Amino acid sequence: MSNRTVKKKSTPKRKPGKKKKQPRSTRRRIFILLLQFFLAGLILFSLFFMAVYFGFTGHVPTTAQLYEIKNPQASEVFSEDGKLLGRYYIENRSNVRFNEISPNVIHALIATEDARFYEHRGIDEIALLRVLVKTILLGDRSAGGGSTLSQQIAKNLFPRNDVGILSLPVNKLREAIIAYRLERIYTKEEILTLYLNTVPFGENIFGIEVASERYFGKKPGDLSVDQAAVLVGMLKANNAYNPRLYPERSTERRNIVISLMVTNGYLTEQEGQTLKEKPLGLRYTKISFNEGPAPYFLEMLKPELLEWCANNTKENGDPWNLYTDGLRIETTLNADFQSYATQAVSEHLKNLQGVFDRHWENADPWRKDNNILLRAIKRTDRYKNMHAAGISQEEIEEAFNKKITAQLFTWNGLEQVETTPLDSVKHYLRFLNSGFLALDPATGDLKAWVGGIDFRFYKYDHVLSQRQVGSTFKPFVYLSALENGLSPYDYYPAEQKIYEKYDNWSPSNSDYNHEGFYSMEGALSQSVNTVAVDVLMQTGIENVIPTVRELGLKTDLPKVPSLALGVASISLKDLLFSYATLINSGTRVEPFYLNSISTGEGELLEEFERPNSRPTNLNPVNCRIIRHMMETAINEGTGTKIRTVYKIPGDFAGKTGTTQNQSDGWFVGLTPRLVTGCWVGAEDPGIHFRTITYGQGSFMALPVVGKFFHKLYNDPRYKEMRRAQFPELDQQLLADLDIAPYKRMLEMERKENFIDRLFTGKTKEEKLREIQKPEEAEEKKGLWKSIKGIFKKKKR
């Protein structure tokens, strides 16, 4: 072995800052690993994409299905003059075309929601990159979202699916696929239109048309820049930026939208600043199935429309759906007439309610009959539902006395209060209600229909409800008398009579005056009860009923003397069509109110024919005589307020009506072009004014008709209606009817009274002095010849 020491090789030192090179095999392994991760990710994404694309994670509509996008669309009801009266819907939505939308809305929408709208094809990669960098990596929540308008349409039309932790990426990809398909099918204008027709605006309304109508009372084509900015601003959060609920917040959001319009070149700086200083200018107008110009009319119409839908089918064989198929329903109502009628009812009933409340002071109108309150409780949905569920009476009473938060109707607006269901029932029980109807007597077309004071709280329609009609029945009695041979020139005593065969019933007059004698015209115009009953009995009840049937009334008519005073219960609608027959000189017309039904695109589905008028067996001359008598009622009788208070010019006839205990007030107003009528009373007949002063028809109901015609006749568009004239009576007949309406006593009775006063219990000298009194010279002169024979007889 050698003692020589072996020297080791020294390892060269690395220079500072210089990395050691990886072996080529290591780099290859890393590259392969990354490639495998990429390929695996690509495969996973492809599988993910395919799963979404082919609908495994939720339905993705095909291109063919997107061609036929359908969203629930409200059916709309229009007046004869093309104005919207109301809608039937599940979602309150109405579609418009692109050219019906103001450019202000388009500009505000693009500036706020999708500034690169015209540059992308449904997916905005630049916006997505911004979201990735600013929102996700930098945490800047104000950077905005990356969804295009097309993606938002996809989200609105095809609700997102819940697939657990993958919900967000699945739904985003699904919306991107739908958006891309939408952009291939539709033009940019069509995309904008589709978006604005489907987007929600809060308060269960959808689409720009309903939104512009609701918040500004306008068509979408008439929206100004600031109004458009308010509505577009709502899209960020419907409720939070609702201009009715949060006006200050809405104004701030509007101004942000205006700023974005400036940034994107749609407005100058100066224009933007001026617009930001404007007030909101909200004009809130709610039109739905239970609010708007004619909710009671829509409710009346609904069963007929549902029946039509059930019996008519679309091209695919499915029946039409009133709530989702966007039908256009044309009616005979006149929007102006309807507006004036609604105003007249509201104005008068608000004032009358104040009179009623002061009349009863702090007392309950039902204080003497607690059954009225019990009946009202049992009419409520709360009671009916609890009773149907088998809940005990004790538990129901307990529930009715528990405090709740409720929104109550008042004439000063809705009030949010804490109350009990029982107190709520009492609150509504005190209110007076009303029904008003106007129709064209020549055609039977309905022109205005107001069924109550507020459909949201009072669903019962008082155009259709049956109540005792009071003295509005009297013209039918006098017409029956003429038809059966009684003379309009005769006089009838106003004396109070007892009708023994009818439980000794004895009618009286409202003023308790039973003196003198009335012609038919005088008795009708002054609404004298005793004469009306006397004429009924002389005509014969069995002869009156057929005449009333000829007028068109099919309701039950009790065969009692009080029929003359209107004890029969008749609806306002049926009553007015009977008056229309009378005004038409005996020709009967049927109610007509539905003109046509079309699709939302304007395709006519059905046009309805007006029923033919039908002659009756009534004598036209007798009908005209009664109408002439009712003109006297307006000019000289119980309806004079039409002339003196409401200054209604032109030909006008009418009749007031009041029922027992002032439970019902009526007035029928007739012109050559319109038959109108109004009923006023409480929901329960047991609640009423205590005196005839306030409870009579001329105080309760006539003012509604008076206000209606005052508004109508002061509208220049309808001034020609003031000049319309009734058909004239024969001049000789008119002259013959010109007799005194009232006589204190008849001729023979005057003679007998004079003779009795002259001769009874007096000496010869006293009798001579009586004859020679100068103030009786004229009376003696006319009676002297007839007195001679009676004087000789009395002398013997």
For Arg717 and Phe37, compute 0.36 nm times the residue count separating them, minus their Cα-Cα distance, and round to one decimal in nm. 236.8 nm
For the stretch 425-469, what D do you get in µm² per second when you plug the Kirkwood radius from alpha-carbon pairs into Stokes-Einstein at 20 °C and 1.002 mPa s? 179
At R0 = 25 Å the Cβ-Cβ FRET efficiency linking Leu746 and Tyr512, nearest 0.05, sits at 0.70
GluC sites (Glu not before Pro) lying in DSSP loop within the stretch 189-261, provided at most 14 other Cβ fall within 10 Å: none
Can you compute the charge dipole magnitude of the stretch 346-423 about its Cα centre, using +1 on each Lys and Arg Cβ and -1 on each Asp and Glu Cβ, nothing else charged? Give it in debye, rounded to the nearest 20. 240
Please compare each pair in Lys155/Lys218; Lys188/Lys219; Lys368/Lys459; Lys219/Lys278 to a cut-off of 24 Å on the Cα-Cα distance and tell me which ones are over it. Lys155/Lys218; Lys368/Lys459
So between Ala442 and Arg358, what do we pick up on full extension, going 0.36 nm a residue minus the alpha carbon distance? 26.0 nm
Beyond 17 Å, what share of the Cα-Cα pairs of the stretch 312-386 is found? Please give it as a whole percent. 74
Go through Met386, Ala376, Ile396 and say which Cα lies farthest out towards the positive end of the charge dipole of the stretch 370-420; charges sit on Cβ, +1 for Lys and Arg, -1 for Asp and Glu. Ala376
Sorted by Cβ neighbour density within 10 Å, fewest at the top, the residues Ser79, Ser506: Ser506, Ser79
Quick check on the stretch 218-334: what are the equivalent-ellipsoid semi-axes from the Cα gyration tensor, as sqrt(5λ), descending, whole Å? 40, 17, 13
Efficiency of FRET between Asp369 and Glu189 - r from beta-carbon atoms, R0 56 angstrom, step 0.05: 0.25
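Bear in mind that the values in this text are calculations on the coordinates, not laboratory data. Predicted, not measured: the structure shown is a model, and the values here were computed from it. Reconstructed Cβ throughout: ideal geometry from the backbone, glycine too, with neighbour counts over all protein chains shown.
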